[in-house]
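Chemist: Handing you a structure now.
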Amino acid sequence: MTPRILRAPWRPGPALDHATAPCWISVTEFTADGHLRAAAVAVNGTRLRRRWPRTAGSVGMWLWADPPRRRSGSVSVWTDEEPLTGFVRRPDHARIVRAFRGHGTMRATGWAVPDFDAGSVWATAHDLLTAATPWPAAAARAGKAPR
């Protein structure tokens, strides 16, 4: 059975005007070790989403969830990889990662596009999230890290 992916509306970032230039796409997936923890991860993702319009280098993003499988994550679009790295290191994001480390598995992948086409990016991400396309080997699941 193909997973049914729920998707939040597109949330533009401050670099939305960059969408006609080359962009970096990032897809993340966290599979929690329980349904309550999965809900907590989703709530924290929503909190990060509220700040998205002030996230430097962000063209925009979608949050997604697959509640029956305890999975959630994001599909984000960036001007390039550098602002994504800055976001990952941001204190609010790092605090969430630390809080859930050891309570599930995480994987992520990214790729460059010559310009941002929402339909094409979401279709590619959706194929990864529903296993219609295999994740790249480099995105192999990170196991439960020690706490």
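The values are calculated or read from the model by the stated rules, or taken from the named source; none is laboratory data. Quick caveat, the model's predicted, so the values are computed rather than measured. For neighbour counting, all protein chains shown are included, and Cβ atoms are generated from backbone atoms with ideal geometry for every residue, glycine included. For accessibility, only protein heavy atoms count, side chains too; no ligands or nucleic acids. Shrake-Rupley method; radii C 1.70, N 1.55, O 1.52, S 1.80 Å.
Chemist: Using θ = phi - 60° and the Karplus relation 6.51 cos²θ - 1.76 cosθ + 1.60, list the HN-Hα couplings for segment 63-79 in order, rounded to whole Hz, with x at every Gly or Pro.
Modeler: Computed from phi, the couplings for segment 63-79 are 9, 9, 8, 10, x, x, 9, 6, 10, 7, x, 9, 10, 10, 10, 10, 5 Hz.
Chemist: Could you give the size of the charge dipole of the chain about its Cα centre, using +1 on the Cβ of each K and R and -1 on the Cβ of each D and E, expressed in debye and rounded to the nearest 20?
Modeler: 1000 debye
Chemist: Something else: Sorting ARG51, ARG70, ARG95, ARG89 by accessible area (1.4 Å probe), largest first, what list results?
Modeler: ARG89, ARG95, ARG51, ARG70
Chemist: Let me ask something else. Calculate the all-directions average of the projected area of segment 30-104's alpha-carbon convex hull, and give it in nm².
Modeler: Average projection, Cα convex hull of segment 30-104: 4.6 nm².
Chemist: Obtain the nm distance between the two label points defined at TRP111 and THR130 by a simple spin-label model: each point lies 7 Å from its Cα along the Cα-to-C-beta direction.
Modeler: 1.7 nm
Chemist: Residue by residue through segment 6-17, what is 3J(HN,Hα) from phi via Karplus (6.51 cos²θ - 1.76 cosθ + 1.60, θ = phi - 60°)? Round to whole Hz and write x for glycine and proline.
Modeler: Karplus-based 3J(HN,Hα) across segment 6-17 equals 8, 10, 6, x, 4, 10, x, x, x, 9, 4, 5 Hz.
Chemist: Over the heavy atoms of THR133, what accessible area does a 1.4 Å probe trace out, to the nearest 10 Å²?
Modeler: Accessible area, nearest 10 Å²: 60 Å².
Chemist: Right, another one. I'd like the accessible area for ASP17: 1.4 Å probe, protein heavy atoms, all chains in place, Å² to the nearest 10.
Modeler: Looks like 130 Å² after rounding.
Chemist: So, one more: Between segment 65-137 and segment 1-60, what's the alpha-carbon centroid distance in Å?
Modeler: Cα centroid of segment 65-137 versus Cα centroid of segment 1-60: 7 Å apart.
Chemist: Next question. Once you keep just the Cα pairs under 8 angstrom separated by 6 or more residues, what percentage relative contact order results for segment 1-102?
Modeler: 37 percent
Chemist: Now, a different point. Let's test this: bin the Cα-Cα distances of segment 1-63 at 5 Å from zero up to the farthest pair and state each bin's percent.
Modeler: Over segment 1-63, the share of Cα pairs per 5 Å bin runs 4, 14, 22, 24, 16, 11, 7, 2, 0 percent.
Chemist: Related question: Return the ratio Rg/(2.2 N^0.38 Å) for the chain, where Rg is computed over Cα atoms only.
Modeler: Here the answer is 0.99, to two decimals.
Chemist: Give the carbon-plus-sulfur fraction of the accessible surface of the chain in %, rounded to a whole number; probe 1.4 Å, heavy atoms of protein chains only.
Modeler: The C+S portion of the solvent-accessible surface of the chain is 58 percent.
Chemist: Another question, if that's okay. Accessible area per residue, 1.4 Å probe, Å², for the chain: what's the number?
Modeler: That works out to 54 Å² for each residue.
Chemist: Full-extension gain between ASP80 and VAL43, please, as 0.36 nm times their residue separation minus the C-alpha to C-alpha distance.
Modeler: Result for the pair: 10.6 nm of gain on full extension.
Chemist: Pop out the ³J(HN,Hα) list for segment 100-106 in order, Karplus 6.51 cos²θ - 1.76 cosθ + 1.60 with θ = phi - 60°, rounded to Hz; leave Gly and Pro as x.
Modeler: Karplus-based 3J(HN,Hα) across segment 100-106 equals 10, 4, x, 10, x, 10, 10 Hz.
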